[in-house]
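Here's the structure, in structure tokens; my notes come after.
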Amino acid sequence: MDAVEPGWQFASDNTAGICPEAWDALAAANAGHAPSYGEDEWTRRAADLIRALFECPAAQVFFVLNGTAANSLALAALCRSYHGIICHEQSHVQTDECGAPEFFSHGAKLLTVAGGDAKVSPAAVAHVLEHGHELHSSKPRAVSLSQSTEWGTVYDAAQMAALGRFTRAHDLALHVDGARFANALAALGARGVGAADVTWRAGVDALSLGGTKGGLNTSEAVIFFNPDLAQEFDYRCKQGGQLASKMRFQTSQWVGVLESGAWLRHAAHANAAAARLGAALRALPGVRLLREVEVNAVFVDLEAGTAEAMARAGWYFHRMPGTGYRLMCSWATTDADIERFVADLAPLQRQ
């Protein structure tokens, strides 16, 4: 029997295993003894590689075990309990963190805004600020974006710069949930945009940098481009249960994928697989893509009966709130996966 049921390929990029480069790095880190709690050479190298990726030698880099901790602890560092965090109503921090940002900040309130493509705009933030927020309500302190967004869209350099200018002008911190930042960067790279161009150069203060969805296991990074904002963040990590005693097993994976270039290469592969899947689905009669494919997510409109029939055939994928279904590609998605999914779906569309 296969270790993983084959129908989970498009349910999430989390369903894929550990990528080979991270796996090899884990094996190398397992050879012998090393200092604990992040005092090891692997952790130092990983932090330096991340600083180099973002061309920001002064950046403070911390490693945590999952994206919820990365987002929630980062936002808690930017806010006090009486502050407000402006985010999109469909953002991950709003819909999928079980109140963790509020919990770790001891009460900072999420102030949600609407916007096309699940993006936050300066106008939407301005609308929140226009409400005054005098002493009797939460004071806006931070803006949190998802890059790429929950709807698979990407903020380009101009959009990020516009948000950065606006937040700085209004004394707001700018945080990015980058669970799929590699996928966004792979998409933007074709336009000559680098990691720094859509982060600190555009006014981003803190980034939750995703590793898990790119092929790592239990390893995310939190980056403060402004070192002053990272004051005592190591204590937050410890208190939040995020200081791994054998930290090298988290950080060695970053070394493996960054030194080899696999972090971005795997993201580009996932994006290309999603583009192929989207094109194949678009060619089927009666199938409608809900939006153009930008990263590694494909959003498709299917009849409920068709989706149920695919589930009975062993395929699993995510139902989006309101309408449509999401199919995710990963570093491990193959052409054969795409062909088999489309072959199972095609007869249902003809019924």
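Here are the numbers for the structure shown:
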{"quantity": "Integer Hz, Karplus 6.51/-1.76/1.60 couplings in order for segment 96-103, x for Gly and Pro", "calculated": "9, 10, 6, x, 4, x, 5, 5"}
{"quantity": "Cα gyration tensor shape of segment 1-125, rounded if a/c is under 1.5, else prolate or oblate by comparing a/b with b/c", "calculated": "oblate"}
{"quantity": "Candidates per GluC sites (Glu not before Pro) in segment 125-188, loop by DSSP, up to 10 other Cβ within 10 Å", "calculated": "Glu130, Glu134"}
{"quantity": "Heavy-atom accessible area order for Glu97, Glu39, largest first, 1.4 Å probe", "calculated": "Glu39, Glu97"}
{"quantity": "Radius of gyration, Dmax [segment 176-252; alpha carbons; angstrom]", "calculated": "13.9, 41"}
{"quantity": "Sequence of Tyr325, Tyr316 when ordered by accessible area, the most exposed leading, probe 1.4 angstrom", "calculated": "Tyr316, Tyr325"}
{"quantity": "Surrounding net charge for Pro57, when Lys and Arg each add one and Asp and Glu each subtract one, Cβ distance under 15 Å", "calculated": "+2"}
{"quantity": "Fraction of accessible area attributable to carbon and sulfur, segment 202-351 (%, probe 1.4 Å)", "calculated": "49"}
{"quantity": "Pairwise centroid distance, computed over Cα atoms, of segment 272-346 with segment 73-103, Å", "calculated": "31"}
{"quantity": "The chain: most fluctuating residue of Gly84, Gly32, Gly210 per GNM, C-alpha cutoff 10 Å", "calculated": "Gly32"}
{"quantity": "Residues in segment 239-256 that a label on Ser36 would reach, taking backbone N under 14 Å of a point 7 Å out along Cα→Cβ", "calculated": "243-249"}
{"quantity": "Heavy-atom surface of segment 1-129, accessible at 1.4 Å and reported per residue (Å²)", "calculated": "48"}
{"quantity": "Cα gyration tensor shape of the chain, rounded if a/c is under 1.5, else prolate or oblate by comparing a/b with b/c", "calculated": "oblate"}
{"quantity": "Tensor-based shape of segment 295-351 (alpha-carbon gyration tensor, a/c under 1.5 rounded, otherwise prolate or oblate)", "calculated": "oblate"}
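The values are calculated or read from the model by the stated rules, or taken from the named source; none is laboratory data. Because the structure is predicted, anything quoted here is derived from the model rather than measured. Please note: Cβ atoms are built from the backbone with ideal geometry, for glycine as well, and neighbour counts cover all protein chains shown. Ligands, DNA and RNA are excluded from the accessible area calculation, which covers all protein heavy atoms including side chains. Shrake-Rupley method; radii C 1.70, N 1.55, O 1.52, S 1.80 Å.
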